Amino acid sequence: MDRTSLPVLEHLAASLDVALDDRARERFDRYRSLLLDWNRRFNLTRVTDPVDIEVKLFADALAIVPIIRRYRAGRPATKPLRLIDVGSGAGFPGLPLKIVEPELEVTLLEATGKKVAFLDAAIAALELDGVRAIHARAEDAAHDPALRARFDVVTARGVARLPALVELCLPFCRVGGWGIFPKGSETADEVARAGPALDALGGRLIDVVSLPIPELSGTTLVIVEQVGPAPDRFPRRPGIPTRHPIGARPGSPDA
């Protein structure tokens, strides 16, 4: 395969009705090269095959774009949407979203210092404006007045099961904003268990979207609307949301 081309990503992006212009293609190619280079020194991702990066990291992130457009369609376009990617890791899904939707204002929140260093390097190498990386845990950052309830869209990939994820993410979401959470193909039980956390955090499940594209069939998007402000006590102290999710029964997978 020509390492400078992205045929798989271009095919999957087209299937998602996401156009890649020359600038976007160049940025994705540079992003992949940077990721592979840094991954030789630091453990950023287990996905290291160039084609797998196109499918499992880039295209998987772009699956969120139609949902963002759906959110935007119901609201006046008076200012750029603000998106926060919680537990961004090596930038997924936040950086791919920024590449194809450059008008987004993107915040990448990450607790591991080496990954934040990579994010800063990637932002500079890709010459992206309107995106920043913050080194902090969600449990602490969500109590910062500059971040709490400030975002139209909050997303997170592979951070926690949904009951804990709701507590970690929804405090960043303004009332009327959406949480868009990529999960695995088997989500029904996880969604059911998230009910108490949604109730406690002022959230409401509005959709669960299975992707009709075979290469991305392992991803389901859970969409939540923030219908009321999250109570000030949430999220709880670092580690508590994942160890003791709201409403988890003793002995359950979420407890």
Exercise for the section: From the list ALA136, ALA164, pick out the single residue that is farther than 26 Å from PHE28 by Cβ and out of contact with any helix residue (DSSP H, G or I) (no Cβ under 6 Å at 6 or more places or on another chain). Expected result: ALA136
Exercise for the section: May I ask you to say which residue of ARG204, ARG237 is part of a strand (DSSP E or B), open to solvent by 70 Å² or more (accessible area, probe 1.4 Å), touching an Asp or Glu at 6+ places or on another chain (Cβ under 7 Å) and farther than 29 Å from LYS56 by Cβ? Expected result: ARG204
Practice task
Kindly indicate whether any position in region 20-43 is surrounded by fewer than 19 Cβ atoms within 10 Å (Cβ to Cβ), on the phi > 0 side of the Ramachandran plot and acidic (Asp, Glu).
Solution key: no
Practice task
Test each condition in (1) more than 16 Å from ASP60 (Cα to Cα); (2) in a helix (DSSP H, G or I) for GLU215 and report the one that comes out false.
Solution key: (1)
Fill in the blank from the handout: Selection over region 40-52 where residues are assigned to a helix (DSSP H, G or I), touching a residue at least 24 places away in the same chain (Cβ under 8 Å) and not hydrophobic (A, V, I, L, M, F, W, C) yields a count of 1
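Answer with yes or no whether ARG157 is over 18 Å from the mean Cα position of the chain (by Cα) and open to solvent by 50 Å² or more (accessible area, probe 1.4 Å).
On the way: over 18 Å from the mean Cα position of the chain (by Cα): no; open to solvent by 50 Å² or more (accessible area, probe 1.4 Å): yes.
Considered against the rule, which asks whether it is over 18 Å from the mean Cα position of the chain (by Cα) and open to solvent by 50 Å² or more (accessible area, probe 1.4 Å), ARG157 comes out as no.
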Handout entry: Near pairs, Cβ below 6 angstrom, 6+ apart or cross-chain, from region 121-142 (within 19 Å of LEU83 (Cβ to Cβ)) to any residue that is in a strand (DSSP E or B) and of a type in the set (S, T, N, Q)
Key = ARG132/THR107
Practice task
Could you tell me whether region 93-115 includes any residue that is in contact (Cβ under 8 Å) with a residue 60 or more places away in the chain and small (Gly, Ala, Ser)?
Solution key: yes
Exercise for the section: Give me the pairs, please: first residue somewhere in region 203-215 and under 19 Å from TRP178 (Cα atoms), second residue anywhere and surrounded by fewer than 16 Cβ atoms within 10 Å (Cβ to Cβ), beta-carbon distance under 7 Å, and either six or more positions apart or on two chains. Expected result: GLY203/VAL227; ARG204/VAL227; LEU211/SER217
Handout entry: Answer residue from region 69-91, given it is farther than 25 Å from ALA111 by Cα and not basic (Lys, Arg) and is nearest to the chain's Cα centre (by Cα) among those
Key = TYR71
Handout entry: Breaking point among (1) free of Cβ contacts under 8 Å to residues at least 12 places away in the same chain; (2) surrounded by fewer than 18 Cβ atoms within 10 Å (Cβ to Cβ), for LYS56
Key = (2)
Problem - Meets criteria (more than 30 Å from ASP144 (Cβ to Cβ), among the small types (Gly, Ala, Ser) and out of contact with any Gly (no Cβ under 7 Å at 6 or more places or on another chain)) for ALA24 - result: yes
Practice task
Among residues belonging to region 173-195 that are basic (Lys, Arg) and under 18 Å from the mean Cα position of the chain (by Cα), point out the one that is farthest from GLU215 (Cα to Cα).
Solution key: ARG174
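The values are calculated or read from the model by the stated rules, or taken from the named source; none is laboratory data. As the structure is a prediction and not an experimental result, all values here were calculated from the model. In this analysis, Cβ positions are derived from the backbone assuming ideal geometry, glycine residues included, and neighbour counts consider all displayed protein chains. Side chains included, ligands, DNA and RNA excluded: accessible areas come from the protein's heavy atoms. Shrake-Rupley method; radii C 1.70, N 1.55, O 1.52, S 1.80 Å.
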